[in-house]
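Have a look at the structure below before the remarks.
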Amino acid sequence: MIERQSNPEQSTDDIPFERYTSRAFFDREMRQMWRKVWQFTCREEHVREVGDYYVYDIGRFSLVIVRTDEGLRAYHNSCLHRGTKLKPSGSNGWSGSIQCPFHGWQWNLDGTIRHIPCDWEFPQLDRARACLPQARIESWNGFIFVNFDREAAPLLDYLEVLPEHFARWDMSNWYVHTHVQKRLPGNWKLAQEAFMEAYHTPVAHPEMTHVVSDHNMQHDIFSDHVSRDLCAMASPSPTSTLERTEQELLDSMLVGDRSTVGERVIVPDGKSARWTMAEQLRRQMAATYGLDYSERTVPEMIDSLKYNIFPNLFIYPSVGLPLIQQFRPDGDDHDRCLFDQIVLRPKPTDGSDFEVADVIRIEEHQSYTDVEGMDPFLAHVLDQDTDIMRWQREGMYASKKGAETLSVYQESRIRHLHQTLDKYLASAPQ
């Protein structure tokens, strides 16, 4: 599927900054978009056993994802007594039932009422109807999605071309190895759009131009909910001013998790840095994880293949860079957001256990380089990306023009994000 390209014609109108800065616009998004879309919450490995739960928040909405005997459930995180949150935001763990921490109302994992203290005090309550309200929940490829709209189309319909494109990428056999969440200054769209184009790379990340593509990246728009970019590794940008040998390119290769790559190797005569890196990664994955990638192409092994699933999820399925990135509002604040960076590793093929990473949370002023186990170069690049967001947010408020002018190709997927968003905002509010 890598060879496919899709670039539908788009409007070239400017995008108003009020879409990022307006509280009223944010409120419309919460009412008319976030309540209607399928959104990633957690991975299957977060809720492996019956009783495992994971709390997912979007704006002021909150759900408790629970593994039950009947499968996955997504309960609205609010007690039917006086509204107290049943599980605290940001939490996950195991629970044999769901109990309110205020007055002790208790539900079975299947959502039916289990116990009400002094139940004779509530003669008006129909116990059969006192079940926890549910949102839609479905999973695909190890990813668990929810939709607050109980009448929404199935997840696979929403994902459109994605299952076909991922036919060679079984990510259900991977697990969350590291998870870093950072608070960022700016609207959720502002933050994620920095990861939807590489037009900024020569200015914001000049050191990267010598080893990866940017202005020559491929951008594709396949459907309302799915777009993609392809960034070739060990393939310098046309803006690079350095002449490097294939060995120097290999030595400078950028990967998100160097532990899967192994030690430095030499580029054989007549071979490229790209071929050598892919071959070394195949050997390393076979030796470390018992996985056979002999039939995978060089791009499938080492390149940055990033699929965007509307509204806020990025999946990188490449063997050398298996990442998940997600951007969402920080609570009810339209001017700040949360950025989740998740690195995946293969599950042991011998059936041995693995440990799903806890979330490491850092604040706006903290550096990714402070996170233990983070690749130093990747951490540096993420710091560059997130530091510039403050300037962009401030500039949007200071702007006399009041709008942004996007490039026709390199920033086309940003425009596509707004066009899809407008389709949801045109619907009747709930």
*asked:* Between helix 412-425 and the chain, what is the angle of the helix's C-alpha long axis to the longest principal axis, kept within 0 to 90° and rounded to the nearest 10?
replied: 20 degrees
*By how many degrees, 0 to 90 and rounded to 10, does the Cα axis of helix 273-289 deviate from the longest principal axis of the chain?*
40 degrees
*Between Ser172 and Thr241, what is the FRET efficiency for a Förster distance of 35 Å, r being their Cβ-Cβ separation, to the nearest 0.05?*
0.20
_Using the crude model of +1 on Lys and Arg Cβ and -1 on Asp and Glu Cβ, and no other charge, please compute the dipole size for the chain relative to its Cα centre, in debye to 20._
1120 debye
_Less than 21 Å apart at the alpha-carbon level, and either on another chain or at least 8 residues along: which lysines does that give for Lys400?_
Lys189
*Say the dipole of the stretch 129-182 comes from +1 at the beta carbon of Lys and Arg and -1 at that of Asp and Glu; which of Ser139, His179, Ala152 then lies farthest toward its positive end?*
His179
_Å² per residue, accessible surface of the stretch 1-149 at 1.4 Å_ = 47 Å²
_Modelling each spin label as a point 7 Å along the Cα-to-Cβ direction, I'd like the Ser11/Arg60 distance in nm, to one decimal._
3.1 nm
*Lys/Arg +1, Asp/Glu -1 at C-beta; the stretch 288-365 dipole; positive extreme among Leu291, Ile324, Ala357*: Leu291
*Roughly how many Å² is the accessible area per residue of the stretch 199-249, as a whole number, for a 1.4 Å probe?*
40 Å²
_Selection from Asn77, Gly93, Val66 lying farthest towards where the dipole of the stretch 1-137 points positive, charges on Cβ_ = Asn77
*Can you give the % of DSSP beta bridges in the chain that are antiparallel, to the nearest 5?*
95 percent
*If the cut-off is a Cα-Cα distance under 25 Å, which lysines reach Lys87, setting aside same-chain residues fewer than 8 apart in sequence?*
Lys36, Lys182
*Surface/4 of the Cα convex hull for the chain, nm²*: 22.8 nm²
_Tell me which cysteines of the chain come out unpaired when the rule is another cysteine's Cβ under 4.7 Å._
Cys42, Cys118, Cys131, Cys231, Cys337
*Grab the beta carbon distance between Arg82 and Asp358, set R0 = 45 Å, and tell me the FRET efficiency rounded to 0.05.*
0.90
*Protection proxy ranking of 109-120, 220-231, 76-87 - average other beta-carbon atoms within 10 Å, highest first*: 220-231, 76-87, 109-120
*Local net charge near Ala428, Cβ-Cβ under 14 Å (Lys/Arg +1, Asp/Glu -1)*: +3
*Please state the relative contact order of the chain as a whole percent: Cα pairs under 8 Å, 6+ residues apart?*
21 percent
*Value at 222 nm in deg cm²/dmol, rounded to 500, when DSSP H runs of n ≥ 4 in the chain each add -39,500 (n - 2.57)*: -6500 deg cm²/dmol
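The values are calculated or read from the model by the stated rules, or taken from the named source; none is laboratory data. Since we're looking at a predicted model, the values are computed, not measured. FYI the Cβ positions are ideal-geometry reconstructions off the backbone, even for glycines, and counts take in every protein chain you see. The protein model used for the area step is the full one, side chains on, heavy atoms only, and it has no ligands, DNA or RNA in it. Shrake-Rupley method; radii C 1.70, N 1.55, O 1.52, S 1.80 Å.
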